[in-house]
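What follows is one structure encoded as structure tokens, with my remarks underneath.
The values are calculated or read from the model by the stated rules, or taken from the named source; none is laboratory data. Keep in mind that this is a model prediction, so the values were computed, not measured. With ideal geometry, Cβ positions are generated from the backbone for all residues, glycine too; neighbour counts draw on all protein chains shown.
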């Protein structure tokens, strides 16, 4: 694996409002959404036959390894959940890997990350040990949250991952607060704050955007729009279906991103980070992505068609990166298979580690509640 790279890219440009000459803004937005999807498909197909890749061999190889690790880890997590070795809630990231990998390669060490409950992949992209995450899923003391957080509350301060959060939208004002701390302490670091498309219906989302722009906070708000808030299409919950336009009410530079392409994710996050570090404030990015599995392990995802699922699988970000690597002769099919085999073994090792780890001591119920203090009446 390579160190994450920060590449300097062209200055971000503010997106314009949607054109609508007939006054029917909703219709114009739906047309644009369909048009954007068609253009994204054409762009993806063209990218696969490009003679010159956008980034270096090292970057593409890191993307391949990073996203493969996420994919294999999540596949194993789903399998273990079915065996009842992982219990409680469990939300898989399969299909959305580029959203985490592309951002990780664009940001710097020391930048902060925060997300919702679909949170296994982000810390993996940052370098958290698969052992620690798997142990957390098993509710073991060796987990990164000491076995007390479970699937929805992964934390790893050492790599800058400030947690997964189980309450919809709750992490958005926290992300703004983290960015406030970075600005106040003059660290030069940024916070990237992920949320699902359903979270933008929360009042806290709008409050956080307003304060972030008012105070020019170094925060990158990312909407991971996988098309469905649980099982409800965004088209059924809002008159505004281009979610990135929500930032315009607060004069926040905003743009849609084809998040099935890891290159596009990297470029958009790099632009946003450059703005934030320059003191220009927040950016709102709408990552248009897709989850191959249901909302959670209990969701059969019957609200979508097989054709829709297969369409997105045909644009799989891992396969796209693999095609670029092979086309440029950076690795052979056999070498990539060998990398995949090592990743599978690494995930298998994490399962063994989790199974052999102890459960937390019952006294751990009373720790990590307050910042500091001595409570002998509890610990006796």
* Verdict on residue 37 being surrounded by 12 or more Cβ atoms within 10 Å (Cβ to Cβ), closer than 20 Å to residue 235 by Cβ and either in contact with a strand residue (DSSP E or B) (Cβ under 8 Å, 6 or more places away or on another chain) or modelled with pLDDT of 50 or more (or both) -> yes
* Structure fact -> Matching residues in segment 109-123 (assigned to a loop (DSSP other than H, G, I, E, B), crowded, with 24+ Cβ neighbours inside 10 Å and modelled with pLDDT of 95 or more) number 2
* Asked: Does residue 322 fit the bill of being surrounded by 17 or more Cβ atoms within 10 Å (Cβ to Cβ), closer than 30 Å to residue 196 by Cα and at pLDDT below 95?
  -> no
* Kindly indicate whether residue 225 is farther than 25 Å from residue 277 by Cα, surrounded by 23 or more Cβ atoms within 10 Å (Cβ to Cβ) and at pLDDT below 95. => yes
* Report, by residue number, each residue of segment 241-283 that is farther than 22 Å from residue 214 by Cβ and surrounded by fewer than 20 Cβ atoms within 10 Å (Cβ to Cβ). => 241
* Asked: Which of the residues belonging to segment 81-93 are buried (at least 23 other Cβ atoms within 10 Å of the Cβ) and in a helix (DSSP H, G or I)?
  -> none
* Inside segment 55-64, can you point out the residues that are assigned to a helix (DSSP H, G or I), surrounded by fewer than 20 Cβ atoms within 10 Å (Cβ to Cβ) and touching a helix residue (DSSP H, G or I) at 6+ places or on another chain (Cβ under 9 Å)? -> 57, 61
* Being in a helix (DSSP H, G or I), modelled with pLDDT under 95 and within 26 Å of residue 135 (Cα to Cα) narrows it down to one of 338, 364, so name that one. => 364
* residue 103, sole failed condition from (1) under 21 Å from residue 346 (Cα atoms); (2) buried (at least 23 other Cβ atoms within 10 Å of the Cβ) -> (1)
* **Residue list for segment 163-177, filter: part of a helix (DSSP H, G or I), in contact (Cβ under 8 Å) with a residue 24 or more places away in the chain and surrounded by fewer than 24 Cβ atoms within 10 Å (Cβ to Cβ)** => 173, 174
* For residues in segment 166-183 being in contact with a strand residue (DSSP E or B) (Cβ under 7 Å, 6 or more places away or on another chain) and modelled with pLDDT of 95 or more, which is farthest from residue 117 (Cα to Cα)? -> 182
* To do: Test residue 183 against the criterion of being without any contact (Cβ under 8 Å) to a residue 40 or more places away in the chain, under 16 Å from residue 274 (Cα atoms) and not in a strand (DSSP E or B), and give yes or no.
  => yes
* Do you know which residues across segment 186-215 are assigned to a loop (DSSP other than H, G, I, E, B), farther than 24 Å from residue 102 by Cα and either touching a helix residue (DSSP H, G or I) at 6+ places or on another chain (Cβ under 9 Å) or touching a residue at least 24 places away in the same chain (Cβ under 8 Å) (or both)? -> 202, 215
* Filter the strands (runs of 3 or more DSSP E) completely within segment 219-290 down to those with at least 1 residues that are over 15 Å from the mean Cα position of the chain (by Cα). => 254-258, 283-288
* Test for residue 158: is it at pLDDT 95 or above, crowded, with 21+ Cβ neighbours inside 10 Å and either closer than 22 Å to residue 192 by Cβ or within 19 Å of the chain's Cα centre (by Cα) (or both) -> no
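A quick yes/no check of all residues on (1) assigned to a loop (DSSP other than H, G, I, E, B); (2) at positive phi; (3) in contact with a strand residue (DSSP E or B) (Cβ under 9 Å, 6 or more places away or on another chain); (4) in contact (Cβ under 8 Å) with a residue 60 or more places away in the chain:
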{"position": "66", "(1), (2), (3), (4)": "no, no, no, yes"}
{"position": "73", "(1), (2), (3), (4)": "no, no, no, yes"}
{"position": "79", "(1), (2), (3), (4)": "no, no, no, no"}
{"position": "95", "(1), (2), (3), (4)": "yes, yes, no, yes"}
{"position": "105", "(1), (2), (3), (4)": "no, no, no, yes"}
{"position": "135", "(1), (2), (3), (4)": "no, no, no, yes"}
{"position": "144", "(1), (2), (3), (4)": "yes, no, yes, no"}
{"position": "151", "(1), (2), (3), (4)": "yes, no, no, yes"}
